[in-house]
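The values are calculated or read from the model by the stated rules, or taken from the named source; none is laboratory data. What you see is a predicted model, and the numbers here were worked out from it, not measured in a lab. All Cβ positions, glycine included, derive from the backbone under ideal geometry; neighbour counts span all protein chains shown. Surface accessibility is based on the protein's heavy atoms, side chains included, excluding ligands, DNA and RNA. Shrake-Rupley method; radii C 1.70, N 1.55, O 1.52, S 1.80 Å.
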Amino acid sequence: MSSSNGFSTPKQFLGLRAVFRIEKISILQTALSASGSSTLVAESPQPVQKVAIIGAGIAGLGLAHALLAPEITTNTKTNIKVDIFDSRLELDENAGSGIQLTGGLVALNEISPSLYRKVADASLPLEHVVSRCRPWFGTNRNDAEHGWKVLELDIQKAIRDDAAVRSQSETKDGNNEHTLVTDEREVVAYTILRGTLQRILHEELLREYGIQVQFGRRLRGLSFSPEDITQGGIMCQFKDGTVSGPYDLVIGCDGIQSVVKQYIDTGEIKSVDEGKDGRYSKSRSSAIYSGIRITFAIQAGEAEEASMSASGARFTQFFGNGAYALTSSYGAGREKLPARGAFLIYSDPNYCGPFERKRDFGATGFVAKASENVDWTQDNRVPREHISDCLAILQSASIPGSTVAKIVQSSSRFFDLGVYFHNPFSWNGWSREIPNNLQTHTGKFAVLAGDAAHAMPPFLGQGANQALQDAFVLASQIHRYNNEVQLRAGMIQNIDITPADLNLKDVLKEYEHMRWLPTTLITAKAAFLGYLEIGSGWAGYFRDAFFFIMGKIGVAKRVFLDSATPKL
């Protein structure tokens, strides 16, 4: 796969940047010598040598691989030390749902081809996406077993056709872009259990680099210490009373309820109000509750189901009145039987979209708060007794097909969560400099990646994919910065020159600019689809017709491809 900047590998890209930097520094030397000046900027930029990653989810683990991978670090002499902290006590492979892997897996291939192969071999190829609705009229009006097919996408064919078109465009204009087809003609579209992907990333991080995740470490504060900027760095304070550091960079990969994001937004991490379930209070959260809930069940692989998934995974939506269901199969590991998942998506009765309904006015005009799952970790298990609630919603929404009910009844793992997303417009963006007590510039920063930066509704299946793309882009930017710092140190002897654009702040902002628009567009599209798909009454009829028409004119395929194709 070729890079969108015209270079096939990060090594080539960094190498050419180095040549440009040599020329730029030579010009600056000449100019300063002519003017008799010996100093352009007093402080010399320092390379990023020690990084703390907060959160060991897909974003955090993927970023650790990207910072350490030889495929990206070949041109950089700086050895980056990485520490990973996670508030959980351990990684639970049985927690969470299944996910689809498209553009994120392309990014993983850029980070480490061997790691890509391990993940792909543990996954199932994604073959088709089908949407059905209850018949509007006719003799089969009450046929709730099959329903009408309003949309079908052949994912493998759509991706191959799109790659062929892009290849022709590249030949004409000379611009190379990443596609979802590898150089070996493999289509990059898979499904895998979230826990399985995390296990592989975690195991390979330990095997390749000897890095252990430090579990049970919930971040409570960030500060700069000591005051000597040349020797100091960021100190991380944790709930258990321990302190780690100093670090040159802290990267928040701590999910939707990110405390690193809270620091970037406000300049502090306020004390976390926790209930008996350990969740954050709503008042400390910057995430927006959509008013949409998801209950899902995961059924372990069974021999009789294996043959059904032998040719790949099939996503099937069943549209009902005010709710819809989704079924699919997911890879659970190499030589393991695939798992099946059933998802029920419906409106929170206490909300109208993201707005809370007024339910209980007392004498003071107090509005009762709706019950929310504000900590979307996908680990919020619910008891098996929840089956009756799921079946009741299926029946009341007239959702066609019996597949969902069968999976729910035979599953042993049940989860319930609310759908949250972040407002993509924020004053400080994705990064913030950590000041010392004198409020002077330290050159040490906190930055966000994954859901901490751009939490999005899951209705296009792009959360994990965008997190892995963040990992590749951010790591590439950090190594480019380190390469330029080393170049400057090696080329300049008795003169102190810092090119105007050679600072970590601008590098982090460039990463944000590269990733902000793609993730914002996906967030907007996913939110629109989420509300559309749970339409009731006439809104439900509009949804059915909308999907049918968009499928016929090719818009549905284009939306999938635009979201799935990597932007690296």
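Overview of results
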item	result
Among (1) open to solvent by 10 Å² or more (accessible area, probe 1.4 Å); (2) within 17 Å of the chain's Cα centre (by Cα); (3) not acidic (Asp, Glu), the one test that residue 452 misses	(1)
In the stretch 197-217, residue farthest from residue 57 (Cα to Cα) [restricted to those that are open to solvent by less than 60 Å² (accessible area, probe 1.4 Å) and in a loop (DSSP other than H, G, I, E, B)]	210
Pair list, Cβ under 6 Å, 6 or more apart: the stretch 100-118 residue free of Cβ contacts under 8 Å to residues at least 12 places away in the same chain, other residue in a helix (DSSP H, G or I)	116/108; 116/109
Condition check for residue 464: among the small types (Gly, Ala, Ser) and either at pLDDT below 90 or farther than 30 Å from residue 195 by Cα (or both)	no
Tally of residues being farther than 27 Å from residue 356 by Cβ, touching a residue at least 40 places away in the same chain (Cβ under 8 Å) and open to solvent by 40 Å² or more (accessible area, probe 1.4 Å) across the stretch 400-427	3
Odd one out for residue 246, checked against (1) out of contact with any helix residue (DSSP H, G or I) (no Cβ under 7 Å at 6 or more places or on another chain); (2) under 23 Å from residue 68 (Cβ atoms); (3) modelled with pLDDT of 95 or more	(3)
Given (1) touching a Ser or Thr at 6+ places or on another chain (Cβ under 6 Å); (2) closer than 30 Å to residue 129 by Cα; (3) modelled with pLDDT of 95 or more, number of the condition residue 252 does not satisfy	(2)
Lone unmet requirement of (1) in a helix (DSSP H, G or I); (2) of a type outside the set (Gly, Ala, Ser); (3) open to solvent by 10 Å² or more (accessible area, probe 1.4 Å); (4) touching a Ser or Thr at 6+ places or on another chain (Cβ under 9 Å) for residue 459	(4)
Count of the stretch 410-449 residues which are out of contact with any Leu (no Cβ under 8 Å at 6 or more places or on another chain) and part of a loop (DSSP other than H, G, I, E, B)	18
Checking residue 186 against (1) within 20 Å of the chain's Cα centre (by Cα); (2) at pLDDT 95 or above, the condition it does not meet	(1)
